[in-house]
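Enquirer: One structure coming up, written as structure tokens, with questions to follow.
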């Protein structure tokens, strides 16, 4: 029997016992094959579920972030558009502000020119009357002197007329000038008197102008010329409001008033106030009055109810009063007239200020004065006044001659009185040349123009004497200048 047949009969030959096992060698590990437990499968399933949930959460978070990003982009776009819109609005606002400022400047200039025209008409009329008074009293004085009678009353009348003319001239110069406002202590009563003086000749025949002035009105801090313009505008509007077919009355009233919260809540305030002490100026008329809607618009630039007219005055009034920190109240009814009341902050204790002391009548000086003026008549008046107080006088007709005389005689000069505006070398230039020669001699400049000490910008000037001047003002200028020379150098 072959081996193959023997194998088929006996079956496959298995390994001998013990042949599949071997003794474990040193360091070997026995491995036992077994199936995966249910616990492992459960943990695997839970891990898979958790991973799926986390993946979904991350997906949701990503979608939410994307949505927020889209919203942020939309907000950014909107913000960019709004920023551009705001920038355009700001540019338009700036342009409007500039345009409004330009209109206001034009408005004030137009009102100034208009008021100057009204003022000039009244001044021309008054000047003719004043010149008539001066010439007439001069002739009468001459006759009285020839007859041996007293000439003092005629001289007094001439002086009064001259001072009134000087007041009118100052108003013309103030309105003709273009300088900055000059802030100082202002008595509203004096401003009212000047306005009445101007308007007496220029009001319509059917209109009567009167005043009711407080005896001790507190001073206010402001520009007298601008306040004069305010009152001129109010009186002009009041006169135009009075009908021509019947008698009209305008009354100007000044008072000192203490305003509290209760008083500030009554009536129509164009420029509101805070409680306090004020000097008030009230212009009332018996004209046609205004409807409430007209009162509200009356202070708008270029607003007018006239067929012909300006409609500028009240807007200029509001601008000036606002710049002075004041208030403005309006009361008006149709056919019952109107009242425009201005409130100006009163200066502390201004009503209690003592009047300036009168200059001593018997004052005398000594020494030599150099008088410089290109107008012969003015120079002669200054010479006579200086000699009246005991001085000797040197005369010069222009700046060049004055500097040369100063160079020769500065050691013996007590002071110099020199005109500001002269042909050739003016007073300012001549003063600077004199300072180079001798800075100890005081120099007073004199001018008929509307200038102040601060306008000259001249260091070391002893004073400014405004023309026309009276003997008392001339004396005061001399005393102040000589006192400066006596002061020790500082």
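Enquirer: Does the stretch 221-228 contain any residue that is without any contact (Cβ under 8 Å) to a residue 24 or more places away in the chain and assigned by TED's automatic domain parsing to the domain that holds residue 329?
Expert: Taking the stretch 221-228 and keeping what is without any contact (Cβ under 8 Å) to a residue 24 or more places away in the chain, we get none.
Checked against the condition, which is being without any contact (Cβ under 8 Å) to a residue 24 or more places away in the chain and assigned by TED's automatic domain parsing to the domain that holds residue 329, the stretch 221-228 yields no hits at all.
Enquirer: Would you please name the residue that is farthest from residue 162 (Cα to Cα), looking only at residues in the stretch 459-485 that are in a loop (DSSP other than H, G, I, E, B) and touching a residue at least 12 places away in the same chain (Cβ under 8 Å)? Lay out the reasoning, then the answer.
Expert: Of the stretch 459-485, the ones in a loop (DSSP other than H, G, I, E, B) are 459-462, 467-470.
Those left that are additionally touching a residue at least 12 places away in the same chain (Cβ under 8 Å): 460-462, 467-470.
Values: 460: 32, 461: 28, 462: 27, 467: 11, 468: 8, 469: 10, 470: 10 Å.
My answer is 460.
Enquirer: Does residue 130 satisfy the criteria of being under 19 Å from residue 316 (Cα atoms), assigned to a helix (DSSP H, G or I) and modelled with pLDDT under 80? Explain how you work it out, then say what you get.
Expert: Numbers: under 19 Å from residue 316 (Cα atoms): no; assigned to a helix (DSSP H, G or I): yes; modelled with pLDDT under 80: yes.
No: the conditions fail for residue 130.
Enquirer: Now, a different point. When you go through (1) modelled with pLDDT of 95 or more; (2) in a helix (DSSP H, G or I) one by one for residue 416, which number turns out not to apply?
Expert: (2)
Enquirer: Here is a follow-up. Could you tell me how many of the residues in the stretch 405-415 are more than 18 Å from residue 376 (Cβ to Cβ) and surrounded by 13 or more Cβ atoms within 10 Å (Cβ to Cβ)?
Expert: Initially, the stretch 405-415 is screened for residues more than 18 Å from residue 376 (Cβ to Cβ), giving 406-415.
Then drop every residue that is not surrounded by 13 or more Cβ atoms within 10 Å (Cβ to Cβ), which leaves 406-407, 409-410, 413-415.
The total comes to 7.
Enquirer: Return the residues of the stretch 230-252 that are crowded, with 24+ Cβ neighbours inside 10 Å and either free of Cβ contacts under 8 Å to residues at least 12 places away in the same chain or outside any helix (DSSP H, G or I) (or both); say none if nothing qualifies.
Expert: 250, 252
Enquirer: Can I ask one more? Looking at the stretch 360-384, which of its residues are out of contact with any helix residue (DSSP H, G or I) (no Cβ under 8 Å at 6 or more places or on another chain) and under 19 Å from residue 410 (Cα atoms)?
Expert: So the first thing to find is which residues in the stretch 360-384 are out of contact with any helix residue (DSSP H, G or I) (no Cβ under 8 Å at 6 or more places or on another chain), and the list is 360-362, 364, 366, 374-381, 383-384.
Those that are out of contact with any helix residue (DSSP H, G or I) (no Cβ under 8 Å at 6 or more places or on another chain) and under 19 Å from residue 410 (Cα atoms): 366, 383.
Enquirer: Something else about it: Which numbered condition trips up residue 269, out of (1) under 16 Å from residue 318 (Cβ atoms); (2) surrounded by 21 or more Cβ atoms within 10 Å (Cβ to Cβ); (3) out of contact with any helix residue (DSSP H, G or I) (no Cβ under 8 Å at 6 or more places or on another chain)?
Expert: Among (1) under 16 Å from residue 318 (Cβ atoms); (2) surrounded by 21 or more Cβ atoms within 10 Å (Cβ to Cβ); (3) out of contact with any helix residue (DSSP H, G or I) (no Cβ under 8 Å at 6 or more places or on another chain), residue 269 violates only (2).
Enquirer: Here are the criteria: (1) in a helix (DSSP H, G or I); (2) at pLDDT below 80. Tell me which single one residue 52 does not satisfy.
Expert: The one condition residue 52 does not meet is (2).
Enquirer: Can you pull out the residues in the stretch 193-219 that are surrounded by fewer than 18 Cβ atoms within 10 Å (Cβ to Cβ), in a loop (DSSP other than H, G, I, E, B) and at pLDDT below 85?
Expert: The answer is 200, 201, 204, 205.
The values are calculated or read from the model by the stated rules, or taken from the named source; none is laboratory data. As the structure is a computational prediction, the values presented were derived from the model and not from experiment. When we count neighbours, we look across all protein chains shown, and the Cβ atoms used for this are built from the backbone with ideal geometry, even at glycine.
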